[in-house]
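Everything on this sheet refers to the single structure shown next.
The values are calculated or read from the model by the stated rules, or taken from the named source; none is laboratory data. Fair warning: this is a prediction, and the values are worked out from it, not measured in the lab. In this analysis, Cβ positions are derived from the backbone assuming ideal geometry, glycine residues included, and neighbour counts consider all displayed protein chains.
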């Protein structure tokens, strides 16, 4: 094993500031217990900056100086990639030698939902940040509602999505960094970097390194904690740089981040005994080994979901969209997309009655609470009878009956429109049958055999809703409680 690899995975006795990586030690394939429950104050420049910038932002907001600030925000699902990309880009903007800007990252997750993603908490801890997201600004900490605040800001930066949610639609979109399907909006954003990759954090790292040559960075740029955070996001979304979604930019960014870490620590630690030239010997095989360590640790944390009930499973990875239609009666509809890492059968076991009707009752209560007209639930899990292959299911529900939302006839028409679009465009779908053999109620459909994930399904459903042109002026809103 070369000395660089030994250094990074913590298997050598070389004294260097490697503790920032905090990799688990491997012993017969067993890993040390993750300390995600430890409550402590973060240390290091990233944590210090995050706390200071949050304090400064909230103070200056109260002083009426919102126009001086840029908010960098990930998508509503708030996964590790969104969080790391937002923190990384905000830190970058704030630390440029020239054109430094007041920028803060925003996690679009309410405080009581933060614990639904234990992998985020672990990634922050491993980056030497405070536990329980205390360093980071969350959506419910804003003293002003987004739709009002957005009109007063200097602007916003979208990372890991390229279309602002409804609350931020009035904001000036300064930049977009994303790896999802291009919605072709805010074309004047600069940079507007939308390209395919496994991780959005890879794109953020690419732009940071580009600016390193073009603008020059401060001495404190890219601290160890930030490098660790970005690498963990890349490792998780690229499956250790080994998934078929991994692109050249993911591998390039990961390698550059590692080399930056090695270079900084060689320069800062005079006590180490490794020749600095050895840092140039870091090859892809070494990088893959390190990324695999990150992947194992992050996956373990992400899988700690045994305590979550169905409602929490739905909202932990929920993305909402407001979509314009061709209908004059219903010009805007609210769409919601959930990704759940359990089969429908397993999810039903987490309901009080453990039945299909109970699953839909809880789903209806949750989507009624947030006002979703159309709900898509995507499941992905490993089969126990097919050699462990990944299985996907798709649930479509069109709701009606509250407020000024869809009436019964229009909801049925929209459901049929979406059902046809899904079945015409997604191959391999088969009807999913209830365990009790009964039929699902109206405007509900479940398929098995899905081959594609949310990045394909969500744009398809959005486009189908945009093309919906149903008109029914006499359709009365139905407000009675639908029997489950």
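Considering only residues in region 397-432 that are part of a loop (DSSP other than H, G, I, E, B), closer than 22 Å to residue 371 by Cβ and touching a strand residue (DSSP E or B) at 6+ places or on another chain (Cβ under 9 Å), the one that is modelled with the lowest pLDDT turns out to be 405. Among all residues of region 203-225, there is none that is over 23 Å from residue 50 (Cβ atoms), under 17 Å from the mean Cα position of the chain (by Cα) and either modelled with pLDDT under 95 or crowded, with 20+ Cβ neighbours inside 10 Å (or both). Scanning region 357-377 for residues that are buried (at least 22 other Cβ atoms within 10 Å of the Cβ) and touching a residue at least 60 places away in the same chain (Cβ under 8 Å) turns up 374, 376, 377.
For region 191-202, what are the residues that are in a loop (DSSP other than H, G, I, E, B) and in contact with a strand residue (DSSP E or B) (Cβ under 6 Å, 6 or more places away or on another chain)?
Let us first name the residues in region 191-202 that are in a loop (DSSP other than H, G, I, E, B), namely 191, 195-199.
Once the filter is applied, which keeps residues that are in a loop (DSSP other than H, G, I, E, B) and in contact with a strand residue (DSSP E or B) (Cβ under 6 Å, 6 or more places away or on another chain), region 191-202 yields only 191.
Pull up region 165-180, narrow it to residues that are part of a loop (DSSP other than H, G, I, E, B) and buried (at least 21 other Cβ atoms within 10 Å of the Cβ), then point me to the one that is nearest to the chain's Cα centre (by Cα). Break it down into steps so the answer makes sense when it comes.
Step one: of region 165-180, the residues part of a loop (DSSP other than H, G, I, E, B) are 165, 169-172, 179-180.
Filter once more, so that each one left must be buried (at least 21 other Cβ atoms within 10 Å of the Cβ): 171, 179.
On the way: 171: 21, 179: 11 Å.
Per the stated criteria, the residue is 179.
Might you check whether a residue that is over 25 Å from residue 86 (Cβ atoms) and either modelled with pLDDT under 95 or touching a strand residue (DSSP E or B) at 6+ places or on another chain (Cβ under 9 Å) (or both) occurs anywhere in region 249-257? Within region 249-257, not a single residue is over 25 Å from residue 86 (Cβ atoms) and either modelled with pLDDT under 95 or touching a strand residue (DSSP E or B) at 6+ places or on another chain (Cβ under 9 Å) (or both). For region 433-457, a tally of residues being modelled with pLDDT of 95 or more and crowded, with 17+ Cβ neighbours inside 10 Å returns 9. One residue is enough: does region 331-343 have a residue meeting the conditions more than 18 Å from residue 434 (Cβ to Cβ), more than 24 Å from the chain's Cα centre (by Cα) and either modelled with pLDDT of 90 or more or not in a helix (DSSP H, G or I) (or both)? Yes, some residue in region 331-343 is more than 18 Å from residue 434 (Cβ to Cβ), more than 24 Å from the chain's Cα centre (by Cα) and either modelled with pLDDT of 90 or more or not in a helix (DSSP H, G or I) (or both).
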